[in-house]
Amino acid sequence: MSHFTSALRGTFLASVVAVAATGAQAQNFVNVLTGGTSGVYYPLGAGLANIYAENIDQVRTQVQSTKASVENLNLLQQGRGEIAFALGDSVAAAWEGDAEAGFPEKLDQLRGIAAIYPNFIQLVALADSGIATLDDLPGKGLSVGAPASGTELNARAILGAAGMSYDDLGKTEYLPFAESVELMKNRQLDATLQSAGLGVASIRDLSSSVPITVVSIPAEIAETLGAPYQAATIPAGTYDGQDADVPTVAISNYLISHADVSEELAYQMTKLLFENIETLTSSHQAAAQIALETALDGMPVPLHPGAERYYREQGLIN
């Protein structure tokens, strides 16, 4: 092969590589960061990924099961996801750089997409555990969620507002929802605290297997904690054997992205969320509480420019 032919071939191959690289860049990749598979984030994330895959040109989607809020936000900061579910207090702590909450440094790349539905703090005990109120928890075994998860941050806050800490419990387990329920079914644990949408699969599974008590968390706890916590109610019949409304505390969930996601992609992700709420509700009933009117409520981080563009079109921002 002549030097000229070899050089020409090299130029051709370089061109092919360049074209291939350009083609790869043209395809958007959306990794949806969720939570444990027995929670609410995961089915909603799967539903959202399907909506994006069907409606955004040149997009490839993936749903990643994680330990939820804290891990999701740290992954976003590293650019290892395009959109994530997270609890409001975790998002605020990430933006501030709260080391105790799992954020040694301020996560300055986070950008807001939308406020979605509230998480309800659901404290559920075995009916024969003797736990009917928060005051009955000392000396009992409680699972508080995966370590440094949004649920675990909520558990610390609730106990603190009630004048307690993990030291007052007989046993503290740091387990995801499904594992907590399995221990309760096997009588190895008295109670579980789960921060999730109403009708979460793990507690539905538990209530259909053994008699439970949905433990009251009084409005004074929400008042003590202040924003972003608020008093709420778990309606009667949400779970098997729950015959009455139960007061509790709720906190908003958010969809969060990061600064390196393109404006157009963030715009499409925001727009398609609100145009497909009915479809998303078929993935989990919690989506029925998502509303454009509340999309900006309490947003703890700056909006992504793409989301801001959508809200301007809808008249939510002047």
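A few notes on this one:
- So residue 238, is it closer than 26 Å to residue 283 by Cβ, among the polar types (S, T, N, Q), within 24 Å of the chain's Cα centre (by Cα) and surrounded by fewer than 16 Cβ atoms within 10 Å (Cβ to Cβ): no
- Count - residues of the range 236-255 that are out of contact with any helix residue (DSSP H, G or I) (no Cβ under 7 Å at 6 or more places or on another chain) and hydroxyl-bearing (Ser, Thr, Tyr): 2
- Residues that are more than 24 Å from residue 92 (Cβ to Cβ), surrounded by fewer than 14 Cβ atoms within 10 Å (Cβ to Cβ) and among the β-branched types (Val, Ile, Thr), drawn from the range 275-318: none
- One residue from 266, 222 being in contact (Cβ under 8 Å) with a residue 40 or more places away in the chain and out of contact with any Asp or Glu (no Cβ under 7 Å at 6 or more places or on another chain): 266
- Residue match in the range 49-62 (condition: under 15 Å from residue 277 (Cβ atoms), surrounded by 18 or more Cβ atoms within 10 Å (Cβ to Cβ) and not acidic (Asp, Glu)): yes
- Single match in 104, 138 (criterion: in a loop (DSSP other than H, G, I, E, B), assigned by TED's automatic domain parsing to the domain that holds residue 274 and farther than 30 Å from residue 316 by Cα): 104
- Conditions (1) modelled with pLDDT of 95 or more; (2) outside any strand (DSSP E or B); (3) surrounded by fewer than 18 Cβ atoms within 10 Å (Cβ to Cβ): number failed by residue 233: (2)
- Hey, residue 233 farther than 28 Å from residue 269 by Cα, free of Cβ contacts under 8 Å to residues at least 60 places away in the same chain and in contact with a Gly (Cβ under 7 Å, 6 or more places away or on another chain) or not: no
- Out of 193, 198, 206, sole residue that is in the same structural domain as residue 153 (by TED's automatic domain parsing) and in a loop (DSSP other than H, G, I, E, B): 198
The values are calculated or read from the model by the stated rules, or taken from the named source; none is laboratory data. Here the structure is a predicted model, which means the values were calculated and not measured. Positions of Cβ are backbone-derived with ideal geometry, glycine not excepted, and every protein chain shown enters the neighbour counts.
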